[in-house]
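Worksheet: the structure to be examined is printed underneath.
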Amino acid sequence: MLSVILFFVFISTAAGCSCTSRPPLDRDFKQTPIIFIGRVTTVNVNKQSQSSGIADYTMIVEEAFKGITSGSIIVVHSNTAGTNCGLAEIAVGARWQIWVYQDGWTDMCTRSTHNSDENRAELEKLAKSP
């Protein structure tokens, strides 16, 4: 019995990233301090192992929805391993919609996406609401 329990513990640990279900967009918007569409200008990866590291993405904000202004430069951090909920390595020049935690980090558990137009109309409305 103990071996079966240990098997499932190791399997769930090895599986990696696990995000809770997302709240509705408007609640997520209220809870996320920085939301924008931007383009990656530089990438600096600090490898921690062969399969993972920490990436610092310097981005120029092309469209701001919350917590930052258009034209700003921001450095966003993410783990490079998907098993750690990281965004993997984003290429220089890539355009992303980024949802950033208070500490400057983002991951797959946020609404950050390479589809920069995802929910864009709703984001524009939320950004204009008081």
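When each of GLU63, GLU122 is scored by the number of other beta-carbon atoms lying within 10 Å, the sequence from fewest to most is GLU122, GLU63. For LYS125, the lysines whose Cα falls under 19 Å of its own Cα, not counting residues fewer than eight places away in the same chain, are LYS30, LYS66. If you take the Cα centroid of the range 93-123 and the Cα centroid of the range 22-85, the two points sit 7 Å apart.
Using a ≥ b ≥ c from the Cα gyration tensor of the chain (square roots of the eigenvalues), is it rounded, prolate or oblate, where a/c under 1.5 gives rounded and otherwise the larger of a/b and b/c decides, a/b for prolate? Intermediate values should be presented prior to the final figure.
Working: a/c = 2.95, a/b = 1.53, b/c = 1.93.
Cα axes put the chain in the oblate bin.
Assuming R0 = 22 Å, can you tell me the calculated FRET efficiency for the pair THR42 and GLN102, based on Cβ-Cβ distance, to the nearest 0.05? Calculated value: 0.45.
Multiply the residue separation of THR113 and SER72 by 0.36 nm, subtract the distance between their alpha-carbon atoms, and state the gained length in nm to one decimal. It would help to have the intermediate numbers written out before the result.
Working: separation 41, 0.36 × 41 = 14.76 nm, distance 1.94 nm.
Length difference between fully extended and current span is 12.8 nm.
Taken about its Cα centre, the chain carries a charge dipole of about 140 debye when Lys and Arg each add +1 at the Cβ and Asp and Glu each add -1 at the Cβ.
Working from Cα pairs under 8 Å separated by at least six residues, relative contact order for the chain is 24 percent.
Values quoted throughout were computed directly from the atomic coordinates according to the rules given, and no laboratory measurement underlies them. Every value quoted in this text rests on a predicted model; they were computed, and no experiment measured them. Every residue, glycine as well, gets a Cβ built from its backbone with ideal geometry; the counts of neighbours run over all protein chains shown.
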